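The values are calculated or read from the model by the stated rules, or taken from the named source; none is laboratory data. No experiment lies behind these values; they were computed from the predicted model shown. Here the Cβ positions follow ideal geometry from the backbone for every residue, glycine too, while neighbour counts run over all protein chains shown.
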Amino acid sequence: MAGLMHGKRGLIMGVANDRSLAWGIAKAIAAQGGEIAFSYQGEALEKRVRPLAESLGAARLYECDVADADSMDSMFAALAADWPTIDFLVHAIGFSDKNELRGRYVDTSEGNFTQTMNISVYSFTAVCQRALPLMPEGGSLLTLSYYGAEKVVPHYNVMGVAKAALEASVKYLAMDLGPQKVRVNAISAGPIKTLAASGIGDFRYILKWNEYNSPLRRNVTIDDVGGAGLYLVSDLAMGVTGEIHHVDAGYNVIGMKAEDAPDI
Ligand code: NAD
């Protein structure tokens, strides 16, 4: 399978460090010969992202804050100047005030609701709009979701509501962009300890619960997410769009606590 991504290039948004889901996807794509440009959010993260990008031989890095339309416009203009066309884009971005990722959803503030929706949902549509002109022959757009979109997960709160909207937007975008041979998919990843996840209340408990109760009796890794991400951006998934692909050790299929799960 070596060289699956040979001759393909694209943008990965959302690497913060070597524990990021986006980094797992980047490694898998690079291992198959894909060329990657990265975007990072602000100077502090550039210090972490640049050495990682360089370790994959990537020289193109752009600053981009998806909460700011001008920042997205400048980033896509700079990318288009370097690469007039791309084959894939990975959007691994989410944000909410961590004070509202604990306790009750009903207490969500209007300000944080709007900000969470803007950064975690609308930004995917906004980057799709800007990526489309760079995909004249078609392409693949991928975002990251979580099971909290489908069922209530304690503390996930407004992020669950945002992920539900993100998953719906994947389907609408798939329909709109399909005629241009642009595929739009999401990976619904199981819980993984990352910077963003550390803001979620009782996250260690969620990890244990998934480990004990998922069919594979383990948590997933960023390499598991990377393999599925590689598939979805590659030509292997040429007939796949509008899909929410679970990479969660099977957790989403269970209806009850496993009989052999220890008490936690
Ligand atoms: P992470 O902290 O490594 O990555 C989150 C990224 O979002 C960071 O790179 C951050 O810079 C970026 N970001 C936040 N606000 C931004 C903004 N305004 N502009 C530009 N970038 C911004 O954490 P992660 O867990 O790898 O998260 C990546 C995606 O995966 C998120 O959408 C998250 O919801 C999703 N996800 C995570 C898990 C998990 O358990 N870690 C599970 C399922 C889905």
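Key figures
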item: Residue 239 vs. criteria part of a loop (DSSP other than H, G, I, E, B), at pLDDT below 95 and either more than 9 Å from the ligand (Cβ to nearest atom) or not hydrophobic (A, V, I, L, M, F, W, C) (or both); result: no
item: Residue check for residue 57: of a type in the set (Gly, Ala, Ser), out of contact with any His (no Cβ under 9 Å at 6 or more places or on another chain) and more than 8 Å from the ligand (Cβ to nearest atom); result: yes
item: Those residues of the stretch 21-35 which are of a type in the set (Val, Ile, Thr) and more than 10 Å from the ligand (Cβ to nearest atom), in sequence order; result: 29
item: Scope the stretch 120-135; condition in a helix (DSSP H, G or I) and in contact with a Lys or Arg (Cβ under 9 Å, 6 or more places away or on another chain); matching residues; result: 120, 121
item: Residues (out of contact with any Gly (no Cβ under 7 Å at 6 or more places or on another chain) and charged (D, E, K, R)) located in the stretch 220-256; result: 224, 235, 243
item: Within the stretch 93-115, considering residues that are without any contact (Cβ under 8 Å) to a residue 40 or more places away in the chain and among the small types (Gly, Ala, Ser), the one farthest from residue 72 (Cα to Cα); result: 109
item: Residue match in the stretch 174-182 (condition: within 13 Å of the ligand (Cβ to nearest atom) and under 27 Å from residue 96 (Cα atoms)); result: no
item: All positions within the stretch 77-97 that are hydrophobic (A, V, I, L, M, F, W, C), within 13 Å of the ligand (Cβ to nearest atom) and in contact with a strand residue (DSSP E or B) (Cβ under 9 Å, 6 or more places away or on another chain); result: 90, 92, 93
item: Residue count, the stretch 21-65 (criterion: among the charged types (D, E, K, R), within 14 Å of residue 75 (Cα to Cα) and under 17 Å from the mean Cα position of the chain (by Cα)); result: 1
item: In the stretch 1-20, the residues that are within 16 Å of the ligand (Cβ to nearest atom) and not charged (D, E, K, R); result: 11, 12, 13, 14, 15, 16, 17, 20
item: Pick from the stretch 189-201, criterion in contact with a Leu (Cβ under 8 Å, 6 or more places away or on another chain) and modelled with pLDDT of 95 or more, ranking: farthest from the ligand (Cβ to nearest atom); result: 193
item: Residue in the stretch 137-151 that is touching a strand residue (DSSP E or B) at 6+ places or on another chain (Cβ under 6 Å), modelled with pLDDT of 95 or more, more than 16 Å from the ligand (Cβ to nearest atom) and not polar (S, T, N, Q) present; result: yes
item: Near pairs, Cβ below 9 angstrom, 6+ apart or cross-chain, from the stretch 163-192 (closer than 21 Å to residue 138 by Cα and without any contact (Cβ under 8 Å) to a residue 12 or more places away in the chain) to any residue that is surrounded by 14 or more Cβ atoms within 10 Å (Cβ to Cβ) and not hydrophobic (A, V, I, L, M, F, W, C); result: 172/125; 172/242
item: Residue list for the stretch 198-223, restricted to those being closer than 13 Å to residue 252 by Cβ and within 21 Å of the chain's Cα centre (by Cα); result: 210, 220
